[in-house]
Amino acid sequence: MVVVSLGFSDARYPRLAGELFEDEQHLRWAAEDWGHLVHDRPRAVLRPGSVSDIRAMARFAAERGIPFVPRAQGHSSGGQAQAKNGIVVDMRGLNGIDAVQSEHVVVGAGARWSEVLRATLSHGLTPPVLTDYLELSVGGTLSVGGIGGTSHRSGLQTDNVAELEIVTEEDELRTCSRTRDSDLFDAVLGGRGRHGTIIRATLRLIPAKTCTRRYKLYYRELSPLLADQCLLVEDGRFDHIEGHARFADSGEWIYAMVLATHFDPGEEPDDAALLGRLGHESAEIDDMGCFDFLNQMEDDEAYLRSTGAWEQPHPWLDLMLPGSAAEDFIVETMRKLVLDDIGESGLVLFYPFHTRVITTPRVRVPAEPRAFLFSLLRTAPHDEVVVSRLVESNRELRQRALSLGGTVYLEHAESP
Ligand SMILES: Cc1cc2nc3c(=O)[nH]c(=O)nc-3n(C[C@H](O)[C@H](O)[C@H](O)COP(=O)(O)OP(=O)(O)OC[C@H]3O[C@@H](n4cnc5c(N)ncnc54)[C@H](O)[C@@H]3O)c2cc1C
């Protein structure tokens, strides 16, 4: 039944400035995510009216030994933001963005990266690393890592945080950084919301350009693409390096490397120099505003929502593969994949990075100088048999990757 207990009249819960919900609609919301695979219902959902609410409920949960889990955009795919019989904290309202400074900005953990980027670009600045999809929250990606097309240069989003304000599991409000209370800092970054709730984050900023030239290079075979990616990561000629494969209508794989160079008007990129010594078959080159490039998933989202694929189950697998084993693993995995394994709107994502640039202790990377992100971004039908088959296939691939020295990037609920 009910909810909308505002705390004051409810003897069971602490007094709150915000709202506490126990109704079906909110509990169901908190038991859903992007994956649609895990459905752990909490006992209540807190929409905090202040940081004091978060502290009071953290204490309430700790005293009773019940799970207390922050949640923002719910784009996890394995129940990471769910709290079985516990309290879920809806962090979306804590989304303030302070005045942008020359080298950093302080933001509320519930702010989305699109909001942060809009604010910083208007000052000619940008976070060094952005995820492909910008509607994820700052707290959500700092709880996993946050990898993107500039990670070969700048590491993860967690590697670019100067300071955090945290409500600890014991309900204390603490400020931490690499040099102050560093154990807490290291526990929370990549900590999947289980070691404290991020309230505010101080994010490092770097100068931004206004325009972007995007290069989509198409390859007939996967191996030359992977080799070119490695060459580019070494010589650093592009700002942004990613790669993906998707099924064409013909049933064949289309392999593409997506590269970008940012520039200001009057500084034309030198295409011949940038594309020299690369083995692609064809190229599409276009210019756009920097924000439009970084926000490139906006159109995909609109399309996937229109087809219904946005709401389908997403049994995703996100691995980091050691450089020495990556090519064989990726080529072999893709050789066996058929359309039903990934879905018409599914995508295989892969790109290399130097492991030395990832310094967040909680994010485990392969013990080699170079590693690859490898993600199977599957879309499945609403069919339990099919979903179970894909989850089992993920489990096997995960085990194989681990045996080769790989690591799991976005740990899902069923991860070992
Ligand atoms: C379409 C799409 C594209 C994506 N692209 C990328 C990508 O390019 N790179 C990448 O790295 N990832 C990517 N991801 C994965 C994404 O970064 C993670 O799933 C991220 O955790 C989701 O953020 P969220 O705001 O939805 O968080 P939620 O799903 O709400 O929460 C995720 C985790 O963060 C914790 N959390 C949330 N807020 C806080 C807080 N304030 N304090 C402490 N813990 C908190 C939760 O407890 C949970 O463990 C993508 C996901 C989707 C669906």
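The values are calculated or read from the model by the stated rules, or taken from the named source; none is laboratory data. The structure displayed is predicted, hence computed values, not measured ones. With ideal geometry, Cβ positions are generated from the backbone for all residues, glycine too; neighbour counts draw on all protein chains shown.
Can you find a residue that is closer than 30 Å to Trp113 by Cα, free of Cβ contacts under 8 Å to residues at least 60 places away in the same chain and outside any loop (DSSP other than H, G, I, E, B) anywhere in segment 275-295? No. A Cβ distance below 6 Å, combined with a sequence gap of six or more or placement on separate chains, defines the contacts here; from segment 66-80, residues that are on the phi > 0 side of the Ramachandran plot reach residues that are surrounded by fewer than 20 Cβ atoms within 10 Å (Cβ to Cβ) in the pairs Gly79/Val38; Gly79/Asp40; Gly79/Ala413.
Each residue in segment 185-202 was checked for being more than 10 Å from the ligand (Cβ to nearest atom) and under 19 Å from Gly108 (Cβ atoms), and 2 of them qualify.
Taking interchain pairs and intrachain pairs at least six residues apart, which have beta carbon atoms under 9 angstrom, with the first residue in segment 198-215 and touching a residue at least 60 places away in the same chain (Cβ under 8 Å) and farther than 30 Å from Val167 by Cβ and the second polar (S, T, N, Q) and in a strand (DSSP E or B)? Correct list of pairs: Pro207/Thr126; Ala208/Thr126; Lys209/Thr126; Lys209/Thr261; Thr212/Thr261; Arg213/Thr261; Arg214/Thr261; Tyr215/Thr261. When segment 135-158 is filtered for residues that are of a type in the set (A, V, I, L, M) and more than 17 Å from Ser375 (Cβ to Cβ), the ones remaining, listed by number, are Val138, Leu142.
Here the condition is being in a loop (DSSP other than H, G, I, E, B) and either modelled with pLDDT of 95 or more or not acidic (Asp, Glu) (or both); of Val348, Val391, Val363, it holds for Val363 alone.
The residue that is nearest to the ligand (Cβ to nearest atom), among those in segment 88-99 that are within 23 Å of the chain's Cα centre (by Cα) and of a type in the set (A, V, I, L, M, F, W, C), is Met91.
For segment 113-132, the criterion of being within 14 Å of the ligand (Cβ to nearest atom), part of a loop (DSSP other than H, G, I, E, B), at pLDDT below 95 and outside the structural domain of Ser282 (by TED's automatic domain parsing) is met by no residue.
Does Arg277 satisfy being more than 16 Å from the ligand (Cβ to nearest atom), in the same structural domain as Arg370 (by TED's automatic domain parsing) and under 27 Å from Arg356 (Cα atoms)? Judged against the criteria, Arg277 is a match. Among the residues making up segment 51-85, a single one is part of a loop (DSSP other than H, G, I, E, B), more than 9 Å from the ligand (Cβ to nearest atom) and hydrophobic (A, V, I, L, M, F, W, C): Ile66. The single condition among (1) in contact with a Pro (Cβ under 9 Å, 6 or more places away or on another chain); (2) not in a loop (DSSP other than H, G, I, E, B) that Val331 does not meet is (1).
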